Structure formats: structure tokens, C-alpha cells
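This report refers to the structure that appears directly beneath it.
Taken together, the values in this text are just the output of simple stated rules run on the coordinates, not laboratory data. This one's a predicted model, so the numbers in the text were calculated from it and none came from an experiment. Because the Cβ atoms are built from the backbone with ideal geometry, glycine has one as well, and the counts that use them run over all protein chains shown.
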Ligand SMILES: Cc1cc2nc3c(=O)[nH]c(=O)nc-3n(C[C@H](O)[C@H](O)[C@H](O)COP(=O)(O)OP(=O)(O)OC[C@H]3O[C@@H](n4cnc5c(N)ncnc54)[C@H](O)[C@@H]3O)c2cc1C
């Protein structure tokens, strides 16, 4: 008996609401008995992978779903800027996998270090061996430390990028801000395209500037940006002028000056740019270039730094037996975001379920929205729906906040942002997120 309706699932995946599709939306589906014995292995329990594991099991409870995730706690990067600004407690970012286990997913906390695509087996550093009928990768990003001369993995312990999925870097950033003298300089080095979460560094700049404005008002935040333009630029620039005049110094590359960093000197605490500008700093957040997580390369699906995918299915173009979602992929014009990874994950679930049950497939639809808090109750957003067209993901009905908008609208955006966080956490971990209560000063000091 099969009552799974792929068309209805497609509607859920491309739903028009502001938030994500919740797990309960799938509860009425059952799936072909023929698919029951299939084994699916998912590597990476973040926005893409945890969503896939959860919804596969929800869609077909008999499916054998194994999630291989290196860490016992997922510390979300999304929402982490709000922790830096004092708008979220650190603990509210951290999530375990007990909900997925309770839902029937076999969660294995090991590090995948090989994929034998001929035998269809994943191996782990810990000696594990996991056979699969379908493989899904969502390993996120790896950091290209050598893209900033003088910056290394070791030095990132002192001056964090805080761009991987770990709470450590974010807490280090908080400690750097706390240790800074009032009147000191915080330097931020922005990444070049493509990178994880296009507006993320600029929201982070606003949250660091908010911290400095409220706690160390004589201080400065100097931004060095190798790009000539960035996401939601008019509304971020409006916020820099409106809230952080005299604190933020923005150095955006232009036809005369190139603010790409050519030297990072952690001993002298000095940055040098291509155009010769030198910045002395007390604290720094360096965000280097990025590439797909290592396991994608080991599985043989990378093309240079990233994974090329078929935008209709998110199967790797190098190996159609492997699905890849999230930041590791080239999903242009979809940005690398948690919302995108979650939306792509649901399409992959629908693909795998339809494939295993030999049911009709329908065109995939995707969605993304990225919110950014720029000051208390002032939140901006950008987003679009996407469909596969001519080998790409074409945006439809895109929207972006505008300068001079009504304060009530911006406050409403913030409520959407908080609601989305709860929704994606429920999707990923089959549990409800803790409330984003403002961090108590004592908790912030602990980091
Ligand atoms: C500061 C900041 C702010 C952001 N804000 C937002 C936002 O507001 N909205 C938004 O939508 N997105 C935001 N993002 C982006 C979002 O966090 C990412 O796009 C999203 O996490 C990508 O999901 P993913 O599944 O590709 O990777 P991840 O969520 O990073 O998950 C990858 C997982 O794979 C695991 N892993 C990797 N390799 C292996 C291996 N070999 N074996 C076992 N496990 C492995 C990792 O431990 C990790 O848990 C932000 C990012 C940053 C840095």
C-alpha cells in the first residue's frame, strides 16, 4: 500500500509561508512497502543532513536511516551573531541529536573519512563501516586558511573566523570583545564570493558594533572587504550610518583601493591590504575563503572547491548515486544558507522516497530567506523562491528590505526570524528550540 503523495509533498517543500515546512506536515504520509529495507546513509548532521535524516524517517518509518555526524552537539552558526550582540544566550544555539534518535534515525557520532562508491560503503576514522543504497552528503564548509597570508588554523584559536559549525570560535569572539580596551580597534576581514551566508558577516559587524556602542563606546570596528558590493548593501549601509556612525569604518574595495588583505601579522597585530592600507588592531575576526567539506572531495564529487549538482534533484553531476545538499554545493543562484540547505534537503527526501517507491516525480521547488538583525528590533531580510531552469536555480518572486522602511515592519521581520529559527531546529532535530531570551551579562562573560 502506498499513500505517499509526491505532488502534495512538493507543495510542502515549496510552501509560501515565511518559515520552514514543519515535520508535522509529513505525518500523514506512508510509503511503499518495497522501499522499507533500503539503507540511506547521511553524512553531516547540520541544516541539510539532519533535515534529510529526519524527513526520510518521517516519510518512511521502515527506512534504515543512518546519520554520521562528528559532533555530539550542533552549535548553530545561524543565530550566533545575535549571541555576540547579547540578544541570544549561548546555550540556545546548542542542540543534541536525541530527538532524531527518538524518531528512529541511527545517529553515529563518528568522522567519515572515506567513501567506497563501487561497494557503496562509508568508512569512518573510528573504524566504522556503513553500507548504503542511497548516500547523502551535507558536510558544510572547510576553511581555506592560506587565502589570507599569515593566517593559519593554529592562529585561528587566537583570532577566530567563527565560521564553522562549532561553538568554540563564537565564544572566542565574545572573549576578544570583552578583553578589548574601551577605545580599542576591532578589525573584521570579510570573505570573497562564494561563501557561507552572504549577509552573515555584515549582520555580525552590526552585532559587534552594537556591543561596542553599548559597552565600549570609544572603540572602533574597522572592516576590510575584498568585494565591491555585498548582500543587502543599501540596508546594511543605512544601519551603519543610523546606529554605528563613528564606530564602524567600512573599507569596501572600489576602482582605486583594493582592500583584500595581503598580510595578517598576529604578533604586531596588524593587517595590510593590497592598496597598502595598514590597520593596527586589538581584536580581530578573520573570515577566509571556503570550500566544500573534505568528505565531498574524498567521495570524488568536487569540481575544484565545490560540488556541482543537478538542480532538479541535487544529485552530484560527477556521481548520480550521491546526493549533495547545503553549503558544499554550487546551487547558484541559491545562496549558501541554512534555509537553502533545509529546503534542498526536503527536495532530496522527496526524490529518494519517490525513487525507492518507483512513484511519479514532480518538479522541485526551493525557497530561501535570510534575516539579519542590525539593531534592537530592526531586522532586514532578503529571499526568493527557486526552480531549476537551464541547469541553474532561477529565482522567482525575490524580495529584499528597503532603506527607510517602517519600524513596525522591521520589528515584524525580527519576529519572523525568531520563528524561523525555532522552525528549522524542529525540522533538523525533531525537537523545539529554547526561547531566544537575552543573554544575562554573567553568562556572556563565561562565553
Ligand atoms: C555567522 C553566520 C550566520 C549565519 N546566519 C544564517 C541565517 O541567519 N540564516 C541562514 O539560513 N543561514 C545562516 N548561516 C549559514 C548556515 O549556518 C549554513 O548555510 C548552514 O549551516 C549550511 O548547512 P550544511 O548542512 O551545508 O552545513 P552545516 O550546518 O555546517 O552542517 C555540516 C555538518 O557536517 C558535519 N561533518 C562535516 N564533515 C563530516 C564528516 N566527514 N564526518 C562526520 N560529520 C561531518 C559537521 O560537524 C556539521 O555538523 C549563517 C552562517 C554563519 C557562519
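What list do you get for 270, 126 if you sort them by fewest beta carbons within 10 Å?
Numbers: 270 16, 126 12.
So the ranking, lowest neighbour count to highest, is 126, 270.
In region 54-121 the Cα-Cα distances spread across 10 Å bins starting at 0 as 18, 33, 32, 14, 3 percent of all pairs. Given R0 = 60 Å, the distance between the Cβ atoms of residue 377 and residue 62 translates into a calculated FRET efficiency of 0.80. Using alpha carbons only, how many degrees (0 to 90, rounded to 10) separate the axis of helix 47-59 from the longest principal axis of the chain? Tilt of helix 47-59: around 30 degrees. Each part reduced to its alpha carbon centroid, region 149-208 and region 227-257 end up 17 Å apart. Report, to the nearest 10°, how far helix 338-356 tilts away from the longest principal axis of the Cα atoms in the chain, using its own Cα long axis and a range of 0 to 90°. Helix 338-356 sits at roughly 10 degrees to that axis.
Neighbour counts of other C-beta atoms within 10 Å: give me 281, 87 arranged from fewest to most.
Details: 281 24, 87 20.
Exposure proxy ranking, most exposed first: 87, 281.
Can you tell me which of 405-411, 224-230 comes out highest on packing, and rank the rest after it, using the mean Cβ neighbours within 10 Å?
Details: 405-411: 12.4, 224-230: 17.6.
Per-residue mean Cβ counts within 10 Å order the peptides as 224-230, 405-411.
Which of 109, 161, 54 has the fewest other C-beta atoms within 10 Å, and how do the rest follow up to the most? Display every interim value, and only then the final one.
Values: 109 15, 161 21, 54 29.
By the 10 Å Cβ count, ascending: 109, 161, 54.
Contact order for the chain, expressed relative to its length and based on alpha carbon pairs under 8 Å spaced 6+ residues apart, stands at 22 percent.
The listed peptides 248-258, 132-142, 417-427, ordered by packing as a protection proxy, come out as 132-142, 417-427, 248-258 (highest mean of other Cβ atoms within 10 Å first).
Put simply, the Cα atoms of region 148-289 extend 33, 33, 30 Å along their principal axes, the longest span coming first.
Using a/c under 1.5 as the rounded threshold, could you call region 313-408 rounded, prolate or oblate? The axes a ≥ b ≥ c are square roots of the C-alpha gyration tensor eigenvalues, and prolate needs a/b larger than b/c, oblate otherwise.
Details: a/c = 2.55, a/b = 2.46, b/c = 1.03.
It comes out prolate by the Cα gyration axes.
Arrange the peptides 178-190, 340-352 so that the one whose residues have, on average, the most other Cβ atoms within 10 Å appears first.
Order by mean packing, descending: 340-352, 178-190.
Only DSSP H runs of four or more residues enter the estimate; each adds -39500 (n - 2.57), and after division by the residues of the chain the mean residue ellipticity at 222 nm equals -8500 deg cm²/dmol.
Evaluate the relative contact order of region 238-363 (contact order divided by residue number), counting alpha-carbon pairs under 8 angstrom at least 6 apart; express in whole percent.
Working: 131 pairs, mean separation 14.7, N = 126.
Dividing the mean separation by the residue count of region 238-363 yields 12 percent.
Measure nothing fancy, just the Cα-based angle from helix 407-429's long axis to the longest principal axis of the chain, in degrees from 0 to 90, nearest 10. Once rounded, one gets 40 degrees. The value of relative contact order for region 148-289, using C-alpha pairs under 8 Å at least six residues apart, is 34 percent. Translational diffusion coefficient of the chain (Stokes-Einstein, Kirkwood radius from Cα pairs, 20 °C, 1.002 mPa s): 96 µm²/s.
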